[in-house]
1. Once phi is turned into ³J(HN,Hα) by the Karplus curve 6.51 cos²θ - 1.76 cosθ + 1.60 with θ = phi - 60°, what whole-Hz value does each residue of segment 233-245 show in order, with x for glycine and proline?
2. Consider a paramagnetic label point 7 Å from the Cα of Glu229 along Cα→Cβ; state which residues of segment 85-118 have an amide N under 17 Å from it.
3. List the residues whose amide H sits under 5 Å from the amide H of Leu338, counting only those 5 or more places along or on another chain, with H placed 1.01 Å from N in the peptide plane.
4. Given the C-alpha centroids of segment 380-440 and segment 163-232, what is the distance between them in whole angstrom?
5. I need two numbers for the chain: Rg to one decimal and Dmax as a whole number, Cα atoms only, in Å.
6. Using square roots of five times the C-alpha gyration tensor eigenvalues, list the equivalent-ellipsoid semi-axes of segment 143-214 in whole Å, biggest first.
7. Of the residues Leu89, Leu66, Leu315, which exhibits the maximal mean-square fluctuation in a Gaussian network model of the chain defined by a 10 Å Cα contact cut-off?
8. Give, in nm to one decimal, the length gained when the segment between Asn360 and Glu130 is fully stretched (0.36 nm per residue of separation minus the Cα-Cα distance).
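Every number here is computed from the coordinates shown, using simple stated rules; none is lab data. These numbers come from a predicted model, not from an experiment. All Cβ positions, even for glycine, are placed from backbone atoms using ideal geometry, and neighbour counts span all protein chains on display.
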Amino acid sequence: MSLTDATHAPTLRSWVESANVPGCDFPVQNLPLARFRPAGGAAEAQEEEPLRVGAAIGDQVLDLKLAAQLCPWADAMDPLLEPLAGGDLAGFMAMGQPAWKMLRAGLSAALAEGSDQGPFLETCLLPRTEARFALPCRIGDFTDFYSGIHHAVAVGRQLRPENPLLPNYKWLPIGYHGRSSSIGLGGPVKRPQGQTRTATGEPRFGPSRRMDYELELGLWVGQSNRLGEPVPLAQAEDHLFGVTLLNDWSARDIQAWESVPLGPFLAKNFATSVSPWVVTLEALAPFRRPFTRPAGDPPPLPYLDGEFNRAHGALDIRLEVWLRTARMREQGLAAMRLSHSNALDAYWTPAQLLAHHTSNGCNLQVGDLLGTGTLSGPAAGQGGSLLELSLGGRQPLRLPGGEERSFLEDGDTVTLRACCEAPGAVRIGLGQVSGTILPA
Ligand code: CA
């Protein structure tokens, strides 16, 4: 069975020239969606300007409000463009997978070289640098999983060298309920204050001294399920609209003291950052891979196992973390890549995360966000957090310009990036998300 169609053809080019530049994140094969306002004008006036939905093409944003007004479309596109023209991305997501597929086909044809819609759509483009992005939708609930096994082992080893993985890890996707109100698109992130335990064992209250990031993917729920009605694994992907980058900022010293016995709380809920563009599961079709387990590991229980998931459940997404400190900026030094890994290293697939989340009848809703958990690679230096890269702070990293880091300092900018590459497919990117630590 082929998961790809004409919209993924590597020969397909766009009349938007910047989309044809090799290495570009947003060729016509990608077509991710985001919400934005055109930049310019007074800040107060901008806040009142209604949000719009756009599709990324090269270095441009196709404004779907203008595109709905100014361009002729096939009749079948009209109902799809209606919520999008109104800036309601969640409303479009709620229309379900057939609508997602149809919009992709319609946008692909309209943006492809030789399209007779080109002359109409040319006036609906805005340079990406002139868009001010917003979250894709109002996020009802946020759940963060722990599906990066190499992260779980590396962190577990710091606590329990003999027995890093707890007995449940290989049987169920571990997760906890996070907080949605503090999710944003990055930018300034204020160092949290909190209660931590000092070397003498006495607790203190003050700014976190072990600020960290976590390299994750965010999965956007695009279909609701009714309370009491689990989503079977085979249908789980019909409920997943797309993927963004996600940085789960973490205060390790607060986390270490507060997490027993109920798990993370104030160490995590002060900020979570996602990238603005939602890359759809359709766009990721050429980068699907089999879900495999190392020899000797238990197979998933039947509710987490299925033929499609075994054949195509995993995503081949290359992930990177970059760091630039305030001093590196002053000295004109470029950002340094701290690590790289791949979403294939996750122990559970996105479909398994969603099926497990609903397996007790829990109702997910359109616009909910699921974090995969930190996606570290197996090799040393592939840790998706500083906690791993600095071995819990015992082995600081050397940075260009002579600085060292065990954890983040004020003025540090962390950037997550991701892209997909495969033979016979055009490279697509997820864009990036950046955040800079501000003093407490
Ligand atoms: Ca996390």
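1. Once θ is set to phi - 60°, the couplings for segment 233-245 become 3, 5, 9, 4, 6, 5, 9, 10, 7, x, 10, 10, 7 Hz.
2. 94-98
3. Excluding prolines and chain starts, which carry no amide H, the hits are Val321, Trp322, Leu323.
4. Centre-to-centre (Cα) distance: 18 Å.
5. Gyration radius and largest Cα-Cα distance of the chain: 21.8, 73 Å.
6. Whole-Å semi-axes of the equivalent ellipsoid: 26, 21, 11.
7. Looking only at Leu89, Leu66, Leu315, the biggest GNM fluctuation is shown by Leu66.
8. Result for the pair: 78.3 nm of gain on full extension.
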